[in-house]
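In what follows, a structure is listed as structure tokens, so that the remarks can point back to it.
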Amino acid sequence: MRPHPATTLLLLMLAGCGVVPGSQPAERGVRQAGSPAVSATRPEARQCHAQLGQSGSRFAPLPDKFYGAGCSTVNSVRLEGLGGDRGEFAVTNLGAVACPLANSFADWARYGVDRAARQILGSPLQKIETMGSYSCRNVAGTARRSAHSRGEAIDVAAFVLADGRRISVLSDWNASPREREFLRVIHKSACKRFGTVLGPDYNRAHHDHFHLEYGKGSYCR
């Protein structure tokens, strides 16, 4: 069957604009090859992706998913690298991260962690090791869903410097003066960028990591 003349005309017009039906234009800062399709094209998502791309971060948008039991990942991305003043930082063990949280995390890595590492420890940041982001679970000891159940929290365990040193929350929170200062400085800087920041001084459950949570307000312990 020959296509209707109106259909043929529409396809020719789209081709002339460089648009293929069913496709999406590439977003700056986004790795397209092998990335899953983005399920939403809301303006707030596009704006968030643009901001994240401008930070120099490499990332792939992820489709919205609803897992049931109050757990979901909406407007989330997979971070593959964070932009810095002098190069890129690696980040490990991250799954889906809410895009607004990813932007806060990228800014903290660049302006908080890397600059503190160079000033206090004399070596730039190379990698941030995390314990993950999304996890369908409750806040410990409660029936309330954790921010992790929405991909709106990241647990950070350690920092690897360009000179090979590894500074961990577990080993260095109460270690030598420079490591102690570095961890406390970046903990304090995190409190300016995230809604909730929890560390070893909060409770035993956070003795080995920083909990960084997106949201309004400022709860810092």
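Numbers for the structure displayed
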| item | result |
| --- | --- |
| Test: residue in the stretch 186-200 that is of a type in the set (A, V, I, L, M) and over 16 Å from the mean Cα position of the chain (by Cα) | yes |
| Top-ranked residue of the stretch 137-162 - restricted to ones that are among the hydrophobic types (A, V, I, L, M, F, W, C), at pLDDT 95 or above and within 18 Å of residue 215 (Cα to Cα), ranked as surrounded by the most Cβ atoms within 10 Å (Cβ to Cβ) | 154 |
| Given (1) within 18 Å of residue 98 (Cα to Cα); (2) hydrophobic (A, V, I, L, M, F, W, C); (3) out of contact with any strand residue (DSSP E or B) (no Cβ under 8 Å at 6 or more places or on another chain), index of the condition residue 153 fails | (3) |
| Unmet requirement for residue 120, which otherwise passes all of (1) loosely packed, with under 13 Cβ neighbours inside 10 Å; (2) of a type in the set (A, V, I, L, M, F, W, C); (3) modelled with pLDDT of 95 or more | (1) |
| Complete set of residues in the stretch 148-185 that are under 17 Å from the mean Cα position of the chain (by Cα), farther than 19 Å from residue 204 by Cα and hydrophobic (A, V, I, L, M, F, W, C) | 159 |
| Tally of residues being of a type in the set (Val, Ile, Thr) and either in contact with a Ser or Thr (Cβ under 6 Å, 6 or more places away or on another chain) or more than 14 Å from residue 169 (Cα to Cα) (or both) across the stretch 190-221 | 1 |
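Rundown of residues vs (1) out of contact with any strand residue (DSSP E or B) (no Cβ under 7 Å at 6 or more places or on another chain); (2) closer than 25 Å to residue 216 by Cβ; (3) part of a loop (DSSP other than H, G, I, E, B), yes/no style:
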residue: 59; (1), (2), (3): no, yes, no
residue: 103; (1), (2), (3): yes, yes, no
residue: 106; (1), (2), (3): no, yes, no
residue: 115; (1), (2), (3): yes, no, no
residue: 130; (1), (2), (3): no, yes, no
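One line per residue, one yes/no per condition, for (1) open to solvent by less than 30 Å² (accessible area, probe 1.4 Å); (2) in contact with a Gly (Cβ under 8 Å, 6 or more places away or on another chain); (3) among the aliphatic types (A, V, I, L, M); (4) under 26 Å from residue 177 (Cα atoms):
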{"position": "61", "(1), (2), (3), (4)": "yes, no, no, no"}
{"position": "97", "(1), (2), (3), (4)": "yes, yes, yes, no"}
{"position": "101", "(1), (2), (3), (4)": "yes, yes, yes, no"}
{"position": "113", "(1), (2), (3), (4)": "yes, no, yes, yes"}
{"position": "116", "(1), (2), (3), (4)": "yes, no, yes, yes"}
{"position": "125", "(1), (2), (3), (4)": "yes, yes, yes, yes"}
{"position": "128", "(1), (2), (3), (4)": "yes, no, yes, yes"}
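The values are calculated or read from the model by the stated rules, or taken from the named source; none is laboratory data. This is a predicted model, so every value here is computed, not measured. Reconstructed Cβ throughout: ideal geometry from the backbone, glycine too, with neighbour counts over all protein chains shown. Only protein heavy atoms, including side chains, enter the accessible area calculation; ligands, DNA and RNA are left aside. Shrake-Rupley method; radii C 1.70, N 1.55, O 1.52, S 1.80 Å.
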